[in-house]
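No lab work stands behind these numbers, since they all come straight from the coordinates. From a predicted model like this one, the values you see are computed outputs, not experimental measurements. Here the Cβ positions follow ideal geometry from the backbone for every residue, glycine too, while neighbour counts run over all protein chains shown.
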Amino acid sequence: MNKIIEDLKWRYATKKYDSTKKVSIENIEIIKDALRLTPTAFGLQPLKFIIVENQDVRLKLKEKSHNQEQVVDASHLLVLCSYIDNTEIHVEDYIDLIVDTRNVAKENLEGFKEYINNTINPIPLETKTIWNAKQAYIALGNLLHTCAALRIDATPMEGFEPEGYDEVLGLKAKNLKATIVCPIGYRHPEDRYQHLTKVRKHHDDLFEVI
């Protein structure tokens, strides 16, 4: 079987984690690198990834997650956050990063910077917030596949109170909002969901070639 398909068949949305097993520092670094390499619109990366290890904080977040045990039992809790707003400062920082990374003259990027600003600035704030949140979902897909390749379990969760997370983590003051939550770790032997066959539509129902 192809390794990619094998990884995807292995993973599932883990319901019960073994709280005694921890993801290694080495694997956390791989996951961080994978998230860093996630593609985003214009390359702006309007995201921040918060890795919550502190159990006291996680207990508070559990209350904002309909008391789902994965939030505290998993090895780590990842909160994928997105910017509330994009500003010209963010664009300027991005241009500076390109200059430093690729060793190019900043004046050569003026046209690109103007194009980004002219595209983003007229967009209403609510639309920009939604647009940024969509970038977090791209990162989520990358996270899930990376974890599967490392045989680390992951549970993407929308079942939480974003405003509650924002309050506990002090996100609003940082121009951020919690978009997706994803505990990662190792499945508990008693999690019966790991033995269930995946239910997915047939190819003919999903794909159309024209």
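Per this entry, Lys134 is not counted among residues that are within 28 Å of Thr20 (Cβ to Cβ), out of contact with any Cys (no Cβ under 9 Å at 6 or more places or on another chain) and not acidic (Asp, Glu).
Residue-by-condition table, conditions (1) crowded, with 20+ Cβ neighbours inside 10 Å; (2) small (Gly, Ala, Ser); (3) farther than 22 Å from Gln45 by Cα:
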residue: Cys147; (1), (2), (3): yes, no, no
residue: Leu150; (1), (2), (3): no, no, yes
residue: Thr155; (1), (2), (3): yes, no, yes
residue: Glu167; (1), (2), (3): no, no, yes
residue: Leu176; (1), (2), (3): yes, no, no
residue: His188; (1), (2), (3): no, no, yes
residue: Asp191; (1), (2), (3): no, no, yes
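Across region 74-110, the qualifying residues are those that are among the polar types (S, T, N, Q) and surrounded by fewer than 17 Cβ atoms within 10 Å (Cβ to Cβ), and the one among them that is farthest from Leu47 (Cα to Cα) is Asn108.
A search for C-beta distances below 8 Å between a residue of region 196-207 that is at positive phi and any residue that is part of a loop (DSSP other than H, G, I, E, B) and surrounded by 10 or more Cβ atoms within 10 Å (Cβ to Cβ), counting only pairs 6+ apart in sequence or on different chains, returns nothing. In summary, helices (runs of 4 or more DSSP H) completely within region 94-210 and bearing 2 or more residues that are under 18 Å from the mean Cα position of the chain (by Cα) and acidic (Asp, Glu) occur at 162-169.
Within region 1-44, restricting attention to residues that are in a loop (DSSP other than H, G, I, E, B) and of a type in the set (A, V, I, L, M), the residue that is farthest from Tyr165 (Cα to Cα) is Met1. Of all residues assigned to region 59-69, at least one qualifies as being basic (Lys, Arg) and farther than 30 Å from Leu196 by Cα.
No other residue among Ile138, Ile152, Ile130 is farther than 27 Å from Trp10 by Cβ and among the β-branched types (Val, Ile, Thr) apart from Ile130. Set side by side, the residues Glu29, Glu92 differ, and just one is within 30 Å of Gly111 (Cα to Cα), free of Cβ contacts under 8 Å to residues at least 24 places away in the same chain and not aliphatic (A, V, I, L, M), which is Glu92. Check His188 against each of (1) in contact (Cβ under 8 Å) with a residue 12 or more places away in the chain; (2) over 27 Å from Ile30 (Cα atoms); (3) not acidic (Asp, Glu) and name the one condition it does not meet. Against the list (1) in contact (Cβ under 8 Å) with a residue 12 or more places away in the chain; (2) over 27 Å from Ile30 (Cα atoms); (3) not acidic (Asp, Glu), His188 comes up short only on (2).
Criterion applied to Ile123, Ile116, Ile180 was being among the β-branched types (Val, Ile, Thr), surrounded by 18 or more Cβ atoms within 10 Å (Cβ to Cβ) and more than 30 Å from Asn2 (Cβ to Cβ), and the one residue passing it is Ile116.
Within region 1-29, the set of residues being surrounded by fewer than 17 Cβ atoms within 10 Å (Cβ to Cβ) and within 17 Å of the chain's Cα centre (by Cα) comprises Ala13, Glu29.
Let me confirm something: among Lys106, Lys22, which residue is out of contact with any Phe, Trp or Tyr (no Cβ under 7 Å at 6 or more places or on another chain) and free of Cβ contacts under 8 Å to residues at least 40 places away in the same chain? That would be Lys106, the only listed residue that is out of contact with any Phe, Trp or Tyr (no Cβ under 7 Å at 6 or more places or on another chain) and free of Cβ contacts under 8 Å to residues at least 40 places away in the same chain. Residues that are part of a loop (DSSP other than H, G, I, E, B) and within 30 Å of Ile116 (Cβ to Cβ) within region 45-93 comprise Gln45, Pro46, Ile84, Asp85, Asn86, Thr87, listed in sequence order.
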